[in-house]
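Asks: Below is the structure I would like to discuss, written out as structure tokens.
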Amino acid sequence: MSTPLSTVRLQLHGQFTLADAAARVPYFSRLGISHLYLSPITRARAGSTHGYDVVDHTMVSDELGGMAALRALVDVVRSHGMGLLLDIVPNHMATHSSNAWWWDVLRHGRLSRYADWFDVDWHTPQPGLRGKVLAPFLAKPYGESLADGSIAVVLEQTEGVPQIEASGARYPIAPDSMRVAGLDAQMAARYYDGSTEDGRQRLHELLEKQHYRLAWWRCAADMINWRRFFEVSELIGVRVELPEVFDAVHALPLQLYAEGLIDGLRIDHVDGLAQPVAYCAKLRAALDERRAQRPAALRSDAPWLIIEKILAPGETLDASWQVDGTSGYDFMDQAGAVLHQPDACMALTDLWARTAQDNRDAAAHVRAAKKLLLERHFAAERKALLRVLWGLAQGSVQGRDWSRELIGRVLDRFLEVFPVYRTYVGPQGRNPQDADLFARVMSEALAVLDRGDAQEGAALLTWLEAGLAGIGQTEAAQTAGSTLEKQGLAIRRLQQLTPPLAAKSLEDTTFYRYGRLLSRNEVGSDPAVFAIRPDRYHERNAWRAAHAPRALLATATHDHKRGEDARARLAVLTEAPDLWAQAVARWMQWPGTPAAACALHAGERYMLWQAIVGAWPMELRADDEPAVGDFIARLSAWQTKALREGKQSSGWFCPDEAHEADAQAFLDSMAVGGPHHALLKDIGDFVARIAPAGALNGLVQTVLRTTAPGIPDLYQGTEFWDFSLVDPDNRRPVDYPGRQDALDALDSGVDIVELLAQWRDGRIKQAVVAACLRLRRRLPLAFSIGAYEALPVSGKRHEQVLAYARSAGDQHCVVVLPLHGHRGLAAAGDAGSLQFPERYWEDTSVSLPPRYAGMEMKNALDGSIQRPGTGGMLRLDDLFADLPLAVLASA
């Protein structure tokens, strides 16, 4: 099988290898999965837990089992009629001694055959760096490291070759830079012994002769002269726009595709590349060329190409990308947003502002975060872009009077209001979508310019817009070569700066500062978008059905900020804002609140309450000491990360250990036996009140993902409840034997209505996943090429219903789901039930198109038979009599 119907994302590492994945294939097949979706399998740094720190693109990781294990996995996959989607990392590699390309650059500098393979600015004007690579990996400043012996000449163990050792890492020594007459390698190492003053001076002189400059890690933000992945100095940008680099990076995945071992690729961080659209087109062509080489049984389907791409509200991928769609963050946003009640927006906005004493909206937080990041975290990247822009201005009649400082201030305002990850200006210039974007950005940037810069700034922004638009072939022929080269460099540097700036300012800063509702602070989401109504949700699904029917649909990923069911539970707060406000007031003023808690900012505590409520394990009892201790340890790890990512009361550069200790002490005080355990118990009691509605939201979200246009992706283990926190919490080991046993019981005839009564154990969610994925197998056309049709709902509670149909030929599916069910479930009088009270829906009905007249339909979830009534109506009181979810399928 190479036609994708559903995927399961697996995180591979030394403790869960390709062989481990192979052992789980029978289970995934029975669940209804069509494709395994694997994290990167190429050789990464030793002990890597994720595979994105690649050191060798040309070989399958030995830690994962190597090529033999991959072939064995594929044999099992194919024997079950399944396929494989592979995640690859063309944007960057690890700056580690095991990376042969990187090592060669450090050893030979500009003379290395790989000198241009990495995105290094060899011509930086930075003193002492021209023609060198900054190596910002020292644990302490260079002078201290030299003085205390942290830098030394050592002998490589195998061949006895002298190397530099610094802060636990090894670096090569340039050929001929260490020649000392009459000394062998061992004596030469002693000659550079840093324990003596003369030896330290000789060692310093030796280091000055190298093609790299060792530096303190904190220097990177201001001095780095190569492109990083975001601000991670352990990952260096790779120039896959160069043909020889593209060929080297993609030789293995293209070989695997040609041999029929994989069926498609997911491209990590495509926005980091110099020309993402051209890259995707080239990769598509390379895959298509190898399609004829595949085994005959696998040639019928086109290669599957997915990109990791964050889409801003209103942003779409056009046909020029030549991809099947994104990896699903956009769907994750839409499926989550429709679970939120829009009418609560004002109440929860006001509650956040009062509690946190912060009236700023999300956009203001993003702008403030970008300002900080440009000053402190991406200062070197900003400086490199500014240098090119100033050079262009100085070479123009219009801009020769603009100072570097003025251009810098205007550039900052431009970047601060830039609303998307990036533009896609190419050799042919700017596309219409980017042209509209630039017009809006220029207007907004002008509005926020300082008054003293407004007059010159307006002209500068106009010049900037023209300069960053790209030049068509006719204009290029009339432009001086040096100017054309500088303009191309400016465009590339801008387009490779805005993605990390956008990601770090929103996902890794604002999400931890602006806490109106943490369920909307998720990768792919804009926290300014509080909720969407069903008509908007239908609109986006109809678009996907028409334009990207093979895009992935995710609701949980290895990068999510909190688990899919944690977000679904927090969405219930929008249905009960008054109940939530009362609870927050009680917790903020809890009697005898410890000084440690008071040391936390009000906003930090407000976000902590949400984190606890969202992540509270379904079956956790507040008096279970070991389980509570484990939960507090997880929360502590989350809170430390949240404080540092927020960059206000702590940070990764300069952690405030005292403040973090206060945060830890406050959490510890809520442990069993702690002075404020009653506070944790009260939070648990609140969770119990909203947990049923949260669980129902989780089931609704599951059905949305598995029946919408696109290819549903199941993140490892989330067929049971997922209340995980941000990584590494969302990458914990999965209990597959328990899931296997539950599926065995389901297939032995356990009634799904019975599972609904025991919903806390998670088996009901697995049953819904299995039923929907198996239905996709039975009705493949309806779900792969089928139309998406929103169905009208009428009656008293029509705003609480989401209904749609999928159909192709004689394959039909009708989905009817409840929205915002908290009040309805509470009205049932059974605090632990997921059933609505009898006659709750009254006259609420779904109207089916005429083609469904007289059609007998079976609910794939519970097996009940439904027939549309007069006028093609489905009454919800009948539809939800036994199960509050309906996935009706034609016989």
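The values are calculated or read from the model by the stated rules, or taken from the named source; none is laboratory data. The shown structure was predicted, so the numbers you read here are calculated from the model rather than taken from an experiment. Cβ: placed from backbone, ideal geometry, glycine included. Neighbour counts: every protein chain shown.
Asks: Restricting attention to the stretch 486-523, which residues are over 16 Å from GLY614 (Cβ atoms) and either of a type in the set (Gly, Ala, Ser) or free of Cβ contacts under 8 Å to residues at least 12 places away in the same chain (or both)?
Replies: Matches in the stretch 486-523: GLY488, ALA490, ALA502, ALA503, SER505.
Asks: With respect to the numbered conditions (1) surrounded by fewer than 17 Cβ atoms within 10 Å (Cβ to Cβ); (2) touching a strand residue (DSSP E or B) at 6+ places or on another chain (Cβ under 8 Å); (3) at pLDDT below 95, which one is the sole condition not fulfilled by SER177?
Replies: SER177 satisfies every listed condition except (2).
Asks: Related question: So which of ALA362, ALA369, ALA380 is buried (at least 19 other Cβ atoms within 10 Å of the Cβ) and closer than 30 Å to PRO818 by Cα?
Replies: ALA362
Asks: Still on this structure, I have one more. Please state which one of ALA556, ALA622, ALA597, ALA611 is at pLDDT 95 or above, outside any strand (DSSP E or B) and farther than 30 Å from SER327 by Cα.
Replies: Just one listed residue meets the conditions, ALA622.
Asks: List the residue pairs whose Cβ atoms are under 6 Å apart, where the first residue sits in the stretch 305-333 and is in the same structural domain as ALA286 (by TED's automatic domain parsing) and buried (at least 24 other Cβ atoms within 10 Å of the Cβ), the second is of a type in the set (S, T, N, Q) and not in a strand (DSSP E or B), and the two are 6 or more positions apart or on different chains.
Replies: Close Cβ pairs satisfying both conditions: ILE306/SER327.
Asks: What are the pairs, 6+ residues apart or on separate chains, where a residue within the stretch 434-457 that is within 16 Å of ARG367 (Cα to Cα) has its Cβ under 7 Å from a residue that is modelled with pLDDT under 90?
Replies: Note: pairs meeting the criteria are MET442/GLU465.
Asks: With the condition kept exactly as written, say whether any residue in the stretch 517-533 is surrounded by fewer than 20 Cβ atoms within 10 Å (Cβ to Cβ), at pLDDT 95 or above, part of a helix (DSSP H, G or I) and not assigned by TED's automatic domain parsing to the domain that holds VAL425.
Replies: No, that holds for no residue.
Asks: Output yes when any residue across the stretch 247-260 is in contact (Cβ under 8 Å) with a residue 12 or more places away in the chain, under 25 Å from PRO125 (Cβ atoms) and either within 23 Å of the chain's Cα centre (by Cα) or not assigned by TED's automatic domain parsing to the domain that holds SER34 (or both), and no when none is.
Replies: No.
Asks: Right, PRO591: in a loop (DSSP other than H, G, I, E, B) and farther than 30 Å from GLY762 by Cβ or not?
Replies: yes
Asks: Failed condition for ALA69, given (1) in a helix (DSSP H, G or I); (2) in contact with a Phe, Trp or Tyr (Cβ under 6 Å, 6 or more places away or on another chain); (3) in contact (Cβ under 8 Å) with a residue 24 or more places away in the chain; (4) of a type outside the set (D, E, K, R), with all others met?
Replies: Checking ALA69 against (1) in a helix (DSSP H, G or I); (2) in contact with a Phe, Trp or Tyr (Cβ under 6 Å, 6 or more places away or on another chain); (3) in contact (Cβ under 8 Å) with a residue 24 or more places away in the chain; (4) of a type outside the set (D, E, K, R), the one that fails is (2).
Asks: Please pick out the residue among ASP729, ASP761, ASP713 that is buried (at least 24 other Cβ atoms within 10 Å of the Cβ), among the acidic types (Asp, Glu) and within 29 Å of the chain's Cα centre (by Cα).
Replies: ASP713
Asks: Of all residues in the stretch 764-789, count the ones that are more than 17 Å from ASP882 (Cα to Cα) and either assigned to a helix (DSSP H, G or I) or in contact with an Asp or Glu (Cβ under 9 Å, 6 or more places away or on another chain) (or both).
Replies: Matching residues across the stretch 764-789 total 15.
Asks: Go through (1) without any contact (Cβ under 8 Å) to a residue 40 or more places away in the chain; (2) surrounded by 22 or more Cβ atoms within 10 Å (Cβ to Cβ); (3) at positive phi one by one and return the number of the condition PRO868 breaks.
Replies: It fails just one condition, (3).
Asks: Could I ask something else about it? Look through the stretch 732-749, keep the residues that are touching a Lys or Arg at 6+ places or on another chain (Cβ under 8 Å) and without any contact (Cβ under 8 Å) to a residue 40 or more places away in the chain, and return whichever of them is surrounded by the fewest Cβ atoms within 10 Å (Cβ to Cβ).
Replies: ALA745
Asks: Evaluate the following for LEU111: is it within 30 Å of ALA384 (Cα to Cα), modelled with pLDDT of 95 or more and surrounded by fewer than 19 Cβ atoms within 10 Å (Cβ to Cβ)?
Replies: Taking the combined requirement at face value, the residue satisfies it.
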